[in-house]
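Right, one structure below, let's go through it.
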Amino acid sequence: MALVSLKLVTIIAEGFLEEKLVRDIKRLGAKGYTITDARGEGSRGVRASEWEGSNIRLETIVSPAVAERILNHLAEVYFANYAVIAFVENVEVVRGDKYT
Amino acid sequence: MALVSLKLVTIIAEGFLEEKLVRDIKRLGAKGYTITDARGEGSRGVRASEWEGSNIRLETIVSPAVAERILNHLAEVYFANYAVIAFVENVEVVRGDKYT
Amino acid sequence: MALVSLKLVTIIAEGFLEEKLVRDIKRLGAKGYTITDARGEGSRGVRASEWEGSNIRLETIVSPAVAERILNHLAEVYFANYAVIAFVENVEVVRGDKYT
Amino acid sequence: MDTLELLRINLLSPAVLAFALGIVATLVKSDLKIPDALYTTLSIYLLLSIGLKGGAALATTPFVEVWKPALATLALSVITPLLSYAVLRRLGRFDVVNAAAIAAHYGSVSAVTFIAATTFMQAAKQPVEGFLPTLVAILEVPAIVIALLIARRSLGGGSLAEAVREIFAGKSVLLLVGGSVMGFLTGPEGLKQVAAVFVDPFRGVLVLFLLELGMIAAKRLRDLRSVGGFLVGFGIVMPLIQGSLGVWLGSLAGMSVGGAMVLGTMAASASYIAAPAAVRIALPQANPSYYLTASLGITFPFNLTLGIPIYYAISRWLHGGS
Amino acid sequence: MDTLELLRINLLSPAVLAFALGIVATLVKSDLKIPDALYTTLSIYLLLSIGLKGGAALATTPFVEVWKPALATLALSVITPLLSYAVLRRLGRFDVVNAAAIAAHYGSVSAVTFIAATTFMQAAKQPVEGFLPTLVAILEVPAIVIALLIARRSLGGGSLAEAVREIFAGKSVLLLVGGSVMGFLTGPEGLKQVAAVFVDPFRGVLVLFLLELGMIAAKRLRDLRSVGGFLVGFGIVMPLIQGSLGVWLGSLAGMSVGGAMVLGTMAASASYIAAPAAVRIALPQANPSYYLTASLGITFPFNLTLGIPIYYAISRWLHGGS
Amino acid sequence: MDTLELLRINLLSPAVLAFALGIVATLVKSDLKIPDALYTTLSIYLLLSIGLKGGAALATTPFVEVWKPALATLALSVITPLLSYAVLRRLGRFDVVNAAAIAAHYGSVSAVTFIAATTFMQAAKQPVEGFLPTLVAILEVPAIVIALLIARRSLGGGSLAEAVREIFAGKSVLLLVGGSVMGFLTGPEGLKQVAAVFVDPFRGVLVLFLLELGMIAAKRLRDLRSVGGFLVGFGIVMPLIQGSLGVWLGSLAGMSVGGAMVLGTMAASASYIAAPAAVRIALPQANPSYYLTASLGITFPFNLTLGIPIYYAISRWLHGGS
Ligand SMILES: Nc1ncnc2c1ncn2[C@@H]1O[C@H](COP(=O)(O)O)[C@@H](O)[C@H]1O
Ligand SMILES: Nc1ncnc2c1ncn2[C@@H]1O[C@H](COP(=O)(O)O)[C@@H](O)[C@H]1O
Ligand SMILES: Nc1ncnc2c1ncn2[C@@H]1O[C@H](COP(=O)(O)O)[C@@H](O)[C@H]1O
Ligand code: NA
Ligand code: NA
Ligand code: NA
């Protein structure tokens, strides 16, 4: 089994950003993503409202270059005004061409 | 605290495969697993139906050998016809004997 | 983009431990956390009851020192009597000062 | 009431309007989302409720009144998948697997379309046989099995047994058949105890369900181009043929104007609950875009809006009505 | 109606049939799943609803009618955990922790069993005291506290205070007691405003709830071997003893045939909502297989099917009935 | 009934008591949690239900009866955000962004407060105009747009267009307006078909919703210190001013005692559904602690408990009543 090394970018954000974030990461080169509903606390307390849902946890497996682009974009556009964090890990996948 | 290095295999798949996947990974040597409900997009668009639920995100901590067996099995049985992806990471656990 | 290397501690536990665990990790130095609802199986079968909910999956990004403190605490207080597992990974984050 | 008036009544019913609102929500990219848990709850509710009512009605219906409609339903469950399969293979030039997969859907029945038809009959003040929900259970399963058998014969090997087990243990059939047995055993007396949940709110719950189905169907419509013109035509013409057949067989079996109309609607409808699940297991190579877009994106909206009044007109005509 | 006929009515009630369907779903490995959110919603609904009705009834009941039944309930909440504990230690040879954990469950009360009993009384056209739901709140808590105190005395140390706080702030007691206070303050007038949600659909909602409980109970039954024969016997004999005691004390307190029967069923029932939560906190060393399998896998189905008609027969006999 | 008696009736209504229970649950740190799916379901239900009823009533109301109240509502939707903005800037010394954000909330309307007001009118046996729910839809949107325009004028640039699209396609407005159109098209006949879901259980469902709102409001109260004394006063005085204005304009427009009272309550209420979503998009720099704590932690409880009887007293006084 030939495993390929790629980056797993995980973004945790206010729920109402879901559509925006998905649009953005696709534009930046992500070929797929997975979202789970989450809740949490960080340095900023509040969310838009309960009716907007709580947090989402978005994962996307991408090449290192795309990972960097995504992080840069998040830092520029979202970090200042929205409750968003992001982190990167190394993962190994089968069928590496699926993700790039 | 003695930490042991193991593999975390994450499988993202159509929801209706849940029972099958759990049966398979147990047979291949996994001693436990954790599932969260997820949604997502990839190269294949469609799912069985809403009534079948969306995606699941299955995690299992296993030895490197079991991890490889699971990936091989997924590649053989599922990758062709089902919406399934999988990736592997290194994790460190307490009480390593629990997982093997 | 300056990335900082930190530890991601993931705890999977019976749902009714949520408040306790959150209180504990905050006391031990975690600055934030994210929780998703999960289900699973391990070496212990049973949970308190359905009404108490199933498992939770708690993630917190912390410094290596705090990660070790959390693992030690879990091993001491929870591992014997509760259905709890924990594992640690290396992650890279933007804005590292947010987490310590 | 003439057919145009009935069409108007149907199009302006809360259920159809909710479906339209669901479509609008998707088109304007609203952030409206029906929680998964609600969708599942409504499905469980509708299936159990259909079963309970059918079973309770059956408990007080003499066998002599039921056997002919039941036979007509069984006949439909054999004829319609074979017909669909032949059309898809010959005219549509589909391969075996996809033809069988689509045929399974069109042979089976859509519970929501069934409910919409009975709701329409209530609005049109046309009485229907109480045991109709039982026929849903009869029509649902055999068609799927037959379609899978066809594919199996041509392909050989594989897990047909598992697929059949999956259909019977699958939640749709379990709730429908289980509900029928419950209804039969507890009878009208027992049903009355739970009527405030399983009978009275039925039509209101349908509104919530159709709101969600409208959103799903609108998303399916985006796949329309990829499925091709033939399937679009199939999704409209086939219901008309199967629907007429159903009304006719129902009338032959001595059913009332309303009953024959509902049976026709059932035959015309395409499953998108039990069938997709079974097909996904037994024929994973089949392309879900085909069968889901046809059944959910084309046939379901067609039946809901135009089909239902048409089948009613056919039934009235066959019964010598206006 | 003789006892056999009552047994038939009970076994063929929608609620019991739904429980059976849940068991079947698990046995045939169906993919039916009740969403967690629905289960939680139903639980919140049932507890709040019990509270509201009990409180509203209490608001119009003279104190002189209530104090004796309340006292009888308090007595039960002290006697039954002590009795269970003694039997489990002496005859069952359980260790202190597990004996106390199980005793907490059998001393406390199962809200669903309570509802099933009152539903059965309605079907049997037997009137019951309106304030009965209030007694559920009285019976629920003390037994758990007593059982934890026993374990504490033998073990020393630890977080009894936290456990007690946990019980009172725990969602079951909060909803039950909070609902009672709400019902008491708003009275029958206020209750009428919300009857379309909290009164009429009650028995129908129970059907959905029991469908899920059937699935859970069937899963518990898989643990049956590991809990041993003694606990199986305990799970059937203990309810009979506690149930008889409850009926008898209720009759002594001047309650009606129906009221004494429901009190007996409450005494016979074992908690699987408030008690497991409290025990998991205060006695984490106790093995959940024991207390959950016994209360949910054995005692609950027994009470639901056979126990309820039996306690009714006992009550009629004690009241000099047929 | 005098005002004190009305206050008592309001405070002891199931809805207000449920709100109180929610607050208690948070204060005692109960583990009670309303599932997200339930909260979303209830919100969808309430908004759709308001729309349906308003639309169905509108279908049978002559235009001549509606246009004046509609105009009064439009006037309120322009005056109230401007008034709030001016007060917050001049007296409160808030910056442009936060003043506009809060003004958007106080100009818009809280659907739940509206329902509580009509429920209270039912309990007080005071008839109200059937088309009132339509006014909710009219009042909801313009105020938010105006407030965002103000901020935009001072700040320049940005995505106002997107924010406006977001408001209209946003689920609250979609359900409210969509429901109104559905109700208008299907008329009272159609509404009757679904009354068992969208009309009868309305007040009971409100109880569950307020239980959750109580818990959220109590959590907001923890932020009270950080928002400062001015905002606390604003959250109580502003509703009184806007409420009086609303009652007065409603009376001028020829509305009944009950109708003017409900319109006043709507004007007095602060949105916490549509407004926060729009503000979060268009003015992300604004601090949610300010607008959520004020609208949900202060104004909502105030209106629910004291405001509603006060606006009723004002309306009776303006109509020359006792
Ligand atoms: N140290 C952390 N570890 C894990 N998740 C975090 C952490 N800090 C923040 N989060 C998540 O990110 C969301 C936004 O964080 P913040 O912007 O700090 O409020 C929170 O609601 C949490 O779900
Ligand atoms: N690049 C990716 N990153 C994260 N999740 C993915 C990615 N690609 C696919 N997925 C997930 O895997 C599921 C199946 O993918 P696919 O088979 O490509 O349709 C999708 O629904 C996503 O949830
Ligand atoms: N090997 C494993 N991989 C992933 N999750 C696990 C594993 N073992 C246990 N778990 C999770 O941890 C929970 C508690 O485990 P246990 O204490 O072994 O019953 C289980 O319910 C699973 O969700
Ligand atoms: Na069909
Ligand atoms: Na008991
Ligand atoms: Na307002």
Of the criteria (1) aliphatic (A, V, I, L, M); (2) at pLDDT 90 or above; (3) out of contact with any helix residue (DSSP H, G or I) (no Cβ under 7 Å at 6 or more places or on another chain), which one A:Ala2 fails: (2)
Per-region count, region D:167-199, residues more than 8 Å from chain E (Cβ to nearest Cβ), crowded, with 18+ Cβ neighbours inside 10 Å and over 16 Å from E:Ala18 (Cβ atoms): 3
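Matching residues to (1) modelled with pLDDT of 95 or more; (2) loosely packed, with under 15 Cβ neighbours inside 10 Å; (3) within 16 Å of ligand 1 (Cβ to nearest atom):
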{"site": "D:Phe63", "(1), (2), (3)": "no, yes, no"}
{"site": "D:Val66", "(1), (2), (3)": "no, no, no"}
{"site": "D:Ala72", "(1), (2), (3)": "yes, no, no"}
{"site": "D:Ile79", "(1), (2), (3)": "yes, no, no"}
{"site": "D:Ser84", "(1), (2), (3)": "yes, no, no"}
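Working only within region F:186-219, note down all residues that are closer than 21 Å to F:Gly55 by Cβ, of a type in the set (A, V, I, L, M, F, W, C) and more than 18 Å from the chain's Cα centre (by Cα).
The first filter runs over region F:186-219 and keeps only residues closer than 21 Å to F:Gly55 by Cβ, leaving F:186-203, F:205-206.
After this cut, where a residue has to be of a type in the set (A, V, I, L, M, F, W, C) as well, the list is F:191, F:194-199, F:202, F:205-206.
Within region F:186-219, F:Leu191, F:Val194, F:Ala195, F:Ala196, F:Val197, F:Phe198, F:Val199 meet the criteria.
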Residues being more than 9 Å from ligand 1 (Cβ to nearest atom) and within 20 Å of B:Leu58 (Cα to Cα) - total across region A:12-45: 6
Residue count, region B:42-73 (criterion: facing another protein chain (nearest Cβ under 7 Å), at pLDDT 95 or above and buried (at least 21 other Cβ atoms within 10 Å of the Cβ)): 3
E:Gly228, sole failed condition from (1) within 25 Å of E:Thr26 (Cβ to Cβ); (2) within 14 Å of chain D (Cβ to nearest Cβ); (3) without any contact (Cβ under 8 Å) to a residue 60 or more places away in the chain: (2)
Cross-chain or 6+ apart pairs with Cβ under 8 Å, region D:33-55 first and over 16 Å from D:Ala195 (Cα atoms) and among the basic types (Lys, Arg), then open to solvent by 10 Å² or more (accessible area, probe 1.4 Å) and part of a helix (DSSP H, G or I): D:Lys33/F:Thr40; D:Lys33/F:Lys171
Residues satisfying the stated conditions in region D:255-297, i.e. modelled with pLDDT of 95 or more and open to solvent by 10 Å² or more (accessible area, probe 1.4 Å): D:Ser256, D:Val257
Count of residues meeting criterion [within 8 Å of chain C (Cβ to nearest Cβ), in a strand (DSSP E or B) and open to solvent by 20 Å² or more (accessible area, probe 1.4 Å)] in region B:1-35: 1
Selected residue (only one of F:Leu7, F:Leu48 is more than 30 Å from D:Leu208 (Cβ to Cβ), assigned to a helix (DSSP H, G or I) and in contact with a helix residue (DSSP H, G or I) (Cβ under 9 Å, 6 or more places away or on another chain)): F:Leu7
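When only residues in region E:41-54 that are in contact with a Pro (Cβ under 8 Å, 6 or more places away or on another chain) and not basic (Lys, Arg) count, which is surrounded by the most Cβ atoms within 10 Å (Cβ to Cβ)? Lay out the reasoning, then the answer.
Filtering region E:41-54 down to residues in contact with a Pro (Cβ under 8 Å, 6 or more places away or on another chain) leaves E:41, E:50-54.
Cutting the leftovers down to not basic (Lys, Arg) gives us E:41, E:50-52, E:54.
Details: E:Thr41: 24, E:Ile50: 26, E:Gly51: 29, E:Leu52: 32, E:Gly54: 25.
Ranking the qualifying residues of region E:41-54, first place goes to E:Leu52.
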Selection count where residues are open to solvent by 20 Å² or more (accessible area, probe 1.4 Å), under 30 Å from B:Val22 (Cα atoms), away from chain F (no Cβ under 14 Å) and β-branched (Val, Ile, Thr), scope region E:1-40: 3
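Taking helices (runs of 4 or more DSSP H) that fall entirely within region D:251-322, which contain at least 1 residues that are under 25 Å from D:Lys125 (Cβ atoms) and either in contact (Cβ under 8 Å) with a residue 60 or more places away in the chain or away from chain B (no Cβ under 14 Å) (or both)?
Working: elements: D:257-268, D:274-282, D:288-292, D:308-318.
Answer list for region D:251-322: D:257-268, D:308-318.
A quick yes/no check of all residues on (1) within 14 Å of another protein chain (Cβ to nearest Cβ); (2) within 16 Å of ligand 1 (Cβ to nearest atom); (3) open to solvent by 10 Å² or more (accessible area, probe 1.4 Å); (4) not hydroxyl-bearing (Ser, Thr, Tyr):
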position	(1), (2), (3), (4)
F:Val87	no, no, yes, yes
F:Asp95	no, no, yes, yes
F:Ala104	yes, no, no, yes
F:Ala111	yes, no, yes, yes
F:Gln122	yes, no, yes, yes
F:Gln126	no, no, yes, yes
F:Ile138	no, no, yes, yes
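For region E:4-24, indicate whether the set of residues that are closer than 14 Å to E:Leu135 by Cα, within 18 Å of the chain's Cα centre (by Cα) and of a type outside the set (Lys, Arg) is non-empty.
No, region E:4-24 contains no residue that is closer than 14 Å to E:Leu135 by Cα, within 18 Å of the chain's Cα centre (by Cα) and of a type outside the set (Lys, Arg).
Please indicate, with yes or no, whether at least one residue in region D:206-214 is closer than 21 Å to D:Phe131 by Cβ, within 14 Å of chain F (Cβ to nearest Cβ), open to solvent by less than 30 Å² (accessible area, probe 1.4 Å) and part of a helix (DSSP H, G or I). Can you show your working first?
Kept after step one, since they are closer than 21 Å to D:Phe131 by Cβ, are these residues of region D:206-214: D:206.
In the following step, the residues that additionally are within 14 Å of chain F (Cβ to nearest Cβ) were identified as D:206.
Pick out the ones that are also open to solvent by less than 30 Å² (accessible area, probe 1.4 Å) and you get D:206.
In the following step, the residues that additionally are part of a helix (DSSP H, G or I) were identified as D:206.
Within region D:206-214, one or more residues are closer than 21 Å to D:Phe131 by Cβ, within 14 Å of chain F (Cβ to nearest Cβ), open to solvent by less than 30 Å² (accessible area, probe 1.4 Å) and part of a helix (DSSP H, G or I).
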Single condition D:Ala217 does not satisfy, out of (1) open to solvent by less than 20 Å² (accessible area, probe 1.4 Å); (2) within 14 Å of chain F (Cβ to nearest Cβ); (3) touching a residue at least 40 places away in the same chain (Cβ under 8 Å): (2)
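Return yes when F:Leu245 is away from ligand 6 (no atom under 16 Å from the Cβ) and open to solvent by 10 Å² or more (accessible area, probe 1.4 Å) and no when it is not.
Values: away from ligand 6 (no atom under 16 Å from the Cβ): no; open to solvent by 10 Å² or more (accessible area, probe 1.4 Å): yes.
For F:Leu245, the condition - away from ligand 6 (no atom under 16 Å from the Cβ) and open to solvent by 10 Å² or more (accessible area, probe 1.4 Å) - is not met.
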Lone unmet requirement of (1) within 16 Å of ligand 3 (Cβ to nearest atom); (2) loosely packed, with under 15 Cβ neighbours inside 10 Å for B:Ala80: (1)
Restricting region C:83-93 to residues that are open to solvent by less than 10 Å² (accessible area, probe 1.4 Å) and either part of a loop (DSSP other than H, G, I, E, B) or touching a Phe, Trp or Tyr at 6+ places or on another chain (Cβ under 6 Å) (or both), the residue that is farthest from the other protein chains (Cβ to nearest Cβ): C:Val84
Which listed residue, of E:Ile9, E:Ile23, is in contact (Cβ under 8 Å) with a residue 12 or more places away in the chain and more than 16 Å from E:Ala217 (Cα to Cα): E:Ile9
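The values are calculated or read from the model by the stated rules, or taken from the named source; none is laboratory data. All values derive from a computational prediction rather than experimental measurement. Every residue, glycine as well, gets a Cβ built from its backbone with ideal geometry; the counts of neighbours run over all protein chains shown. When the accessible area is computed, the model is the full protein with side chains, heavy atoms only, and any ligands, DNA or RNA have been set aside. Shrake-Rupley method; radii C 1.70, N 1.55, O 1.52, S 1.80 Å.
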